[in-house]
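The structure under discussion appears below in the form of structure tokens.
The values are calculated or read from the model by the stated rules, or taken from the named source; none is laboratory data. Only a predicted model underlies this, so the values are computations on that prediction, with no experimental measurement involved. Ideal geometry is used to build each Cβ from the backbone, glycine not excepted, and the neighbour counts take in all protein chains shown.
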Amino acid sequence: MRAVGIIAEFDPFHDGHAFLIREAKKLTGADYVVVAMSGDFVQRGEPAVFDKFERARMAVLGGADTVFELPTAYATSGARIFSEAGVRLLASTGVVDSICFGSECGDIDTLYRASELLDNESEEFKNALSKYQKAGDSYPKAREKALRDMGAPGELVDVVREPNNILGIHYISAIRSFCSDIKAVTVKRMGAGYHESASQIRNEIFNHGLTNYGERPVCADDFSQILFARLLSMTPEELSEIADVPDSLARSVLKHSEKSMTFSELVAEVKSKNNLYTSVSRALLHVVLDMKEKIRPEAGNLKVSYLRLLAFREEASGLLRAVSDSSSSPLVTKPADAPCRDDGLFRLDIRAAALYGGAVLAKYGVRLREDMTRGPVICR
């Protein structure tokens, strides 16, 4: 039995994702596709447009065999932690022997070279990076300039400009560091990249009422009241304890917290060259989730202590038996009975689902099933 892993958000699931699943199986000769997917909140620092069970169901209907939840603390973190956690989760199943991802580059050897380049940062590179950041450049721009100063090949500098290439490079770095027996495979993205096409679909959903992809969409502004209620009760020291909120950002956020505005308006007000929109949004989401920095291990030391199953294809029951037998982490199908109920990362997942469900109830008057007692979606 061979299984290929995919790390994804599927926000929302669309034809490009179905294409990636088909290509992953074709390129690796895999019998099964195992997905590690973000839950109700995603890496850009916002809620997923549709809830995790709906997106997992669509992924299985689109060709995946099983979908496991990437813990919220990792799913809402920067690229390095997001990527490492996804790789570690797939490796912990004990059945995944390859990982496939989309990239603008489409050449796995080039991405491996870029991974080696970024993993071996010299003091000279770090100093150059710091110099450009202090001069006001964003981290991506400072990194590009520092690489050019170090004489990095032009094609590798070009590669690190693109968002999906960067994720792929981090996947490869995690595989090289922790899971060397897993093979990395990439599929070249055709036309608009996933980031662009997913964004376009979300814009169509919210701005033009597009309903092809699901019902009851949720956006960041649906959490504005929770965000400002929490900010108004926090001191600068308390805010700095939240994950991804440095002291400088905490001061800037609190300066605006008594104004009447939405989640997205506050992000736009606070963002700067050194505090990119996504970084600010991610920090404010962590305020909503009450996600403390201490709950999340540092990159390089991440743990995957459970495998929360969100959806699976009925014909893939043999795959799940193999995961149950081979995994280094317990398989969770009903959270109320899970041995990891007291795990901090697991409790954050449950809290995140409750907050998401509350937003759906307030906006649409529809009550989602309680996450703690909800089992996986079975697609027949």
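Observations on the model:
- For the condition surrounded by 14 or more Cβ atoms within 10 Å (Cβ to Cβ), aliphatic (A, V, I, L, M) and assigned to a helix (DSSP H, G or I), Ile99 does not qualify.
- Flag if Gly168 is under 23 Å from Lys271 (Cα atoms), among the small types (Gly, Ala, Ser) and either in the same structural domain as Gly365 (by TED's automatic domain parsing) or in a loop (DSSP other than H, G, I, E, B) (or both): no
- Here Phe125 clears all of (1) modelled with pLDDT of 90 or more; (2) of a type outside the set (Val, Ile, Thr); (3) in a helix (DSSP H, G or I) except the condition numbered (1).
- Hits in segment 24-70 (condition: of a type in the set (Lys, Arg) and farther than 25 Å from Gly106 by Cα): Lys52, Arg55, Arg57
- Among (1) surrounded by 14 or more Cβ atoms within 10 Å (Cβ to Cβ); (2) closer than 27 Å to Ala142 by Cβ, the one test that Phe263 misses: (2)
- Check on Ala64, surrounded by 15 or more Cβ atoms within 10 Å (Cβ to Cβ), within 27 Å of Ile295 (Cβ to Cβ), of a type outside the set (S, T, N, Q) and at pLDDT 95 or above: no
- The residues listed here are Ser279, Ser233; of these, the one that is surrounded by 14 or more Cβ atoms within 10 Å (Cβ to Cβ) and either out of contact with any Gly (no Cβ under 6 Å at 6 or more places or on another chain) or modelled with pLDDT under 95 (or both) is Ser279.
- Condition check for Glu69: of a type in the set (Asp, Glu) and within 30 Å of Phe263 (Cα to Cα): yes
- Verdict on Arg176 being touching a residue at least 12 places away in the same chain (Cβ under 8 Å), assigned to a helix (DSSP H, G or I) and more than 22 Å from Ala128 (Cα to Cα): yes
- Inside segment 39-69, residues that are under 16 Å from Tyr356 (Cα atoms), in contact (Cβ under 8 Å) with a residue 40 or more places away in the chain and part of a strand (DSSP E or B) make up a count of 4.
- Hey, Gly151 touching a Phe, Trp or Tyr at 6+ places or on another chain (Cβ under 6 Å), outside any helix (DSSP H, G or I) and at positive phi or not: no
- Scope segment 193-232; condition more than 24 Å from Gly357 (Cβ to Cβ) and not in a helix (DSSP H, G or I); matching residues: Gly193
- Restricting the first member to segment 132-159 and to residues that are closer than 20 Å to Glu116 by Cβ, and the second to residues that are not in a helix (DSSP H, G or I) and not aliphatic (A, V, I, L, M), the beta-carbon pairs closer than 6 Å and six or more apart or on different chains are Val159/Cys105.
- Residues located in segment 198-213, provided they are under 24 Å from Gly102 (Cα atoms) and either in contact with a helix residue (DSSP H, G or I) (Cβ under 6 Å, 6 or more places away or on another chain) or free of Cβ contacts under 8 Å to residues at least 24 places away in the same chain (or both): Ser199, Gln200, Asn203, Glu204, Asn212
- Residue list for segment 1-15, filter: surrounded by fewer than 19 Cβ atoms within 10 Å (Cβ to Cβ) and either over 23 Å from Gly214 (Cβ atoms) or touching a residue at least 60 places away in the same chain (Cβ under 8 Å) (or both): Met1, Arg2, His14
- Matching helices (runs of 4 or more DSSP H) fully within segment 233-304 where at least 2 residues are over 18 Å from the mean Cα position of the chain (by Cα) and in the same structural domain as Phe223 (by TED's automatic domain parsing): 236-240, 247-256, 263-270
- Test: residue in segment 355-365 that is part of a loop (DSSP other than H, G, I, E, B) and either of a type in the set (Phe, Trp, Tyr) or modelled with pLDDT of 95 or more (or both): yes
- Checking Glu155 against (1) over 26 Å from the mean Cα position of the chain (by Cα); (2) closer than 25 Å to Ser77 by Cβ, the condition it does not meet: (2)
- Phe19 in contact with a Phe, Trp or Tyr (Cβ under 8 Å, 6 or more places away or on another chain) and in a helix (DSSP H, G or I): no
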